[in-house]
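Undergrad: To start, I am sharing the structure in question, which I have written as structure tokens.
The values are calculated or read from the model by the stated rules, or taken from the named source; none is laboratory data. Just so we're clear, the structure is a prediction, and the values are computed from it rather than from any experiment. Using ideal geometry, Cβ is built from the backbone for each residue, glycine included, and neighbour counts are taken over all protein chains shown. Heavy atoms of the whole protein, side chains included, go into the accessibility calculation; ligands, DNA and RNA do not. Shrake-Rupley method; radii C 1.70, N 1.55, O 1.52, S 1.80 Å.
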Amino acid sequence: MSAPVATSKWRIPGAELMARTAGLQRVTLITGLVLVAVFVLVAVFAPLLAPYGLAQNSADGVAFVPQQGPSAEHWFGTSVRAEDVFSRVLYGARTALSVIVIAVTLSLLIGVPLGLVSGYVGRWVDRVLTLVMDAIYAFPTLLLAIVVSIVVAGGTSSSLGGVLSAAIAITAVYVPQYFRVVRNATVAVKNEPYVDAARVTGASTSRIMFRHILSNVTSSLPVILTINAAEAILTLAALGFLGFGIEPTQAAEWGYDLNKALNDVSNGIWWTSIFPGTAIVLVVLGMTLVGESLDETLNPMLRTRRSVTTATENPAAAVDDKELTE
């Protein structure tokens, strides 16, 4: 007899996670993923999708009419600066995505290693780092972001400088959150048998932290990352609305456009505020839905509670749910 041929199973990324959801929770996750996917695609392909430049106020030598209502030439109308609102909304997604990626990456690169070191080493290192992070965390979020933005920008608000200053300002706000989550998880697992076994074999401290502990303390980070990305959108919009964002000729920013649309609302000009505001709401809603769904799916306590509720109402479905979570 010939030996059986080994077959490999191709799995769609996220299929196992999707299989753990059911009913309204699955609808919530899919809705959030669709909104986030549309946001990312719009941000990436904004230069191709936008009919005009982000600060363009004329075409073929003809100036745009300021505050013109939605039309075939300007789907979302024009602003008080005679800029195409539709184009600025698309480019605003690009700015938001850039800030989110930089801010979340910096927060992870700073907060996670510091949390590992603080939780594993302990002693005075833990006390000092915890004190510093608690002091930063005690600051009002928006005030801290404004102060850091002013310090980093140094009076300039160019495209790159404005994005970096906004991203670093948001990073300063969220580093303590990643630090506290990783630090508390590290304290809980640093005396587990597999960590003791690594010490006995002579593994270095850095190897124990980043090879044996890190993978076991970051399970909740995807949830925090998603929720923080939603909060970063709101923080960026607040900075722009208050005038601490990016120069409008360098990059489009939804918060700045909302600020310039304040006077338009009282004059019955609704399109300059409705479309940037709707963009903020949809993106934040999508990321929040994804974050909440991931929390319900990955959090063992919430998953157990859901299984108990399901078992009371439908014992057969509870067995299936238990098999998916194991």
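Undergrad: State whether the stretch 11-154 is rounded, prolate or oblate according to the following rule on the C-alpha gyration tensor (a ≥ b ≥ c being the square roots of its eigenvalues): a/c under 1.5 gives rounded; otherwise a/b larger than b/c gives prolate, and the remaining case gives oblate.
TA: oblate
Undergrad: Would you kindly find the accessible area of Val38, with a 1.4 Å probe and non-protein molecules such as ligands, DNA and RNA excluded, rounding to the nearest 10 Å²?
TA: Result for Val38: roughly 80 Å² accessible.
Undergrad: Relative contact order (percent) for the stretch 31-167, with alpha-carbon contacts under 8 angstrom and 6 or more residues of separation?
TA: 19 percent
Undergrad: When the accessible area of the stretch 160-257 is computed with all protein chains present and a 1.4 Å probe, what percentage of it is carbon and sulfur?
TA: Of all accessible area on the stretch 160-257, carbon and sulfur atoms account for 60 percent.
Undergrad: For a protection proxy built on the mean count of beta-carbon atoms within 10 angstrom, sort 204-211, 271-278 highest first, please.
TA: Most protected by this proxy first, the peptides run 271-278, 204-211.
Undergrad: So how far apart, in nm, are the two label points at Glu192 and Leu234 if each is 7 Å from Cα heading toward Cβ?
TA: Using points 7 Å along Cα→Cβ, the separation is 3.3 nm.
Undergrad: Give the accessible surface of the stretch 34-90 per residue, rounded to a whole number of Å², with probe radius 1.4 Å and ligands, DNA and RNA excluded.
TA: Result: 51 Å² per residue.
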